[in-house]
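Okay, structure first, notes after.
None of the figures in this text is laboratory data; all of them are computed from the coordinates on show. Worth saying up front: this structure is predicted, and the values here are computed from it rather than measured. Quick reminder, even Gly has a Cβ in these numbers, built from the backbone with ideal geometry, and neighbours come from all protein chains shown.
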C-alpha cells in the first residue's frame with residue numbers, strides 16, 4: 001500500500017506523520033487512509049482510543065520496533081488499543097494483539113491473583129474489553 005507522506009494522523013492530542021510502520025501494523029489506520037485517499041484531507045482524526053495518550057504512546061512505540069514490556073499493569077490497556085486500532089495477526093505477523101494474548105495465557109490466567117489484579121484495572125476499559133472477548137456477561 002502506498003502511503004501518502006503529506007497526511008497526518010491526529011491521535012489523542014498528538015499529530016503523527018503517516019509512516020509505513022504505523023500503517024503496516026494498524027488495520028484501522030490503514031482503512032482511514034484508504035477512505036481519505038482521493039480527498040484533499042491532510043489530517044485524519046483517530047479519536048476514542050481507550051487509555052488516551054498513554055495507550056497511543058505504547059502502540060506507537062510497538063509499531064516502530066521499540067520494546068514495549070507487557071506487564072500486569074498494562075496488558076489490559078494494550079489489549080484494548082490492539083483491538084481498537086486493529087493490530088491483529090491478519091494485518092501483520094507478531095502484532096500487538098498476539099503478544100497480549102500470549103501474556104494472558106502465560107502470566108495472567110494461571111494465577112488467580114494476577115487475574116483479579118487485571119480485573120481491578122479494567123474498570124476504565126470495560127466496554128472495550130467486552131468487545132475484545134476478555135470479559136463476558
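Tell me, what is the FRET efficiency for residue 37 and residue 14 to the nearest 0.05, using R0 = 22 angstrom and their Cβ-Cβ distance as r?
Working: r = 23 Å, r/R0 = 1.03.
So, using R0 = 22 Å, E works out to roughly 0.45.
Say R0 is 25 Å: what FRET efficiency, to the nearest 0.05, do residue 113 and residue 54 get from their beta-carbon distance? Kindly include the intermediate steps, with their values, before the conclusion.
Working: r = 24 Å, r/R0 = 0.97.
Taking R0 as 25 Å, the efficiency between residue 113 and residue 54 is 0.55.
Once R0 is set to 30 Å, what does the formula 1/(1 + (r/R0)^6) return for the Cβ-Cβ distance between residue 72 and residue 94, expressed as a FRET efficiency to the nearest 0.05? The partial results should precede the final answer.
Values: r = 21 Å, r/R0 = 0.71.
According to the calculation, E is roughly 0.90.
Would you mind ranking 77, 32 so that the residue whose beta carbon has the fewest other beta carbons within 10 Å leads the list?
Working: 77 24, 32 20.
Listed from fewest to most nearby Cβ atoms, that is 32, 77.
From least to most packed, judged by other beta carbons within 10 angstrom and beginning with the fewest, 86, 123 follow the order 123, 86.
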